[in-house]
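Here is the structure we will look at, set down as C-alpha cells.
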C-alpha cells in the first residue's frame with residue numbers, strides 16, 4: 001500500500017491519575033519535519049516522542065499537540081521548617097529583652113514568616129506518565145496512518161487512471177509517426193511533379209529528403225523511454241511503501257521525453273497529443289507530491 005502525506009489522528013487516554021490527549025496532523029514535505037506543542041512538564045519525553053513517530057511516518061510536516069491533566073491530589077506537600085521557625089523565635093525573644101517588649105508571638109503569627117512553611121512538589125512519576133503518553137501517542141499515530149493509507153489508495157487509483165490515459169496517447173503517436181513520413185513523401189513528390197510539370201522525379205533525391213525529414217521528426221526513442229517510465233511508475237505504485245521521491249524523479253524524466261516529442265512534432269494531431277501528455281504528466285507530478 002502507499003500513503004498520502006496528508007492525514008489526521010487523535011487519541012485520548014484517561015486514567016485514575018492523569019489524562020493525556022494527543023492530536024496530530026500532517027501535510028506535504030520533502031522530509032520528516034515534526035513540530036511538537038506540549039506542556040513543559042513533558043519536555044523530558046521529546047526525544048522518545050520523535051522516536052515513536054518515526055515508526056509510523058517517513059515523510060511529511062507533522063504538527064503534534066499534547067495536553068496533560070493531572071488528577072492526583074497529593075502531588076504537592078507542605079513542609080514545616082522547624083529550624084527556621086526556631087531561629088525566628090530565638091531572635092524575637094532577643095528583641096523582646098533588648099527593647100523591654102512583651103513577647104506576644106502566637107503560632108498563627110509565626111507561621112506567616114517566610115520559609116516557615118514551604119510547598120514541595122513530589123517527584124514526577126516519569127515511568128507512569130510515559131506509559132500513558134506512549135499509549136496515546138501510538139493511538140493517534142495509528143489513526144493518522146490509517147487516514148494516510150486511505151488517501152494513498154485513492155491517489156493510487158487516480159494515478160493509474162492517468163497513466164493509462166498517457167499510454168493511449170503514446171500508442172497514438174507511435175501509430176501516427178509512420179503515417180506522417182508517408183504523407184510528407186507523397187506531398188513532396190506531388191510538389192516536385194508540379195514544379196517540374198510531367199518530368200521524371202528523381203527517386204534517390206526524394207528518398208534522401210524524406211530520410212532527412214524522418215530523422216528530424218523521429219520520436220521512436222523518446223516514445224520507448226516514455227512508455228518504460230509509465231510502466232515503471234505503475235509497477236512502483238503496485239509495490240507500495242515510501243515511494244514518493246522515486247516517483248517524483250520518474251515524473252521529471254517523463255516530462256523531459258514529452259518536451260522532446262513536442263519539439264519534434266511536425267503534425268497537428270501529434271502536437272495535440274504531446275500537449276495532452278505534458279498536461280497529464282503535470283497532473284501526475286502534482287499528485288505524486290502528496291505521496292510519502
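Derivation of every value follows stated rules applied to the coordinates shown; laboratory data play no part. Bear in mind the structure is a predicted one, so any value in this text is a computation, not a measurement. A quick note on method: Cβ atoms are made from the backbone with ideal geometry, for glycine too, and the neighbour counts reach across all protein chains shown.
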Problem - Burial order of peptide ranges 84-96, 3-15 (average beta-carbon count within 10 Å, highest first) - result: 3-15, 84-96
Fill in the blank from the handout: Here the gain from full extension of residue 67 to residue 35, 0.36 nm per residue of separation minus their alpha-carbon distance, amounts to 10.1 nm
Practice task
Could you sort 271-281, 39-49, 160-170 so that the peptide with the highest average Cβ count within 10 Å comes first and the rest follow in order?
Solution key: 271-281, 160-170, 39-49
Handout entry: Full-extension gain in nm, residue 283 to residue 21, via 0.36 nm per residue minus C-alpha separation
Key = 90.5 nm
Practice task
Whole number please: convex hull volume per residue, Cα atoms of the stretch 89-141, in Å³.
Solution key: 106 Å³
Handout entry: Nitroxide proxy distance, nm - points 7 Å out along Cα→Cβ at residue 221 and residue 249
Key = 2.2 nm
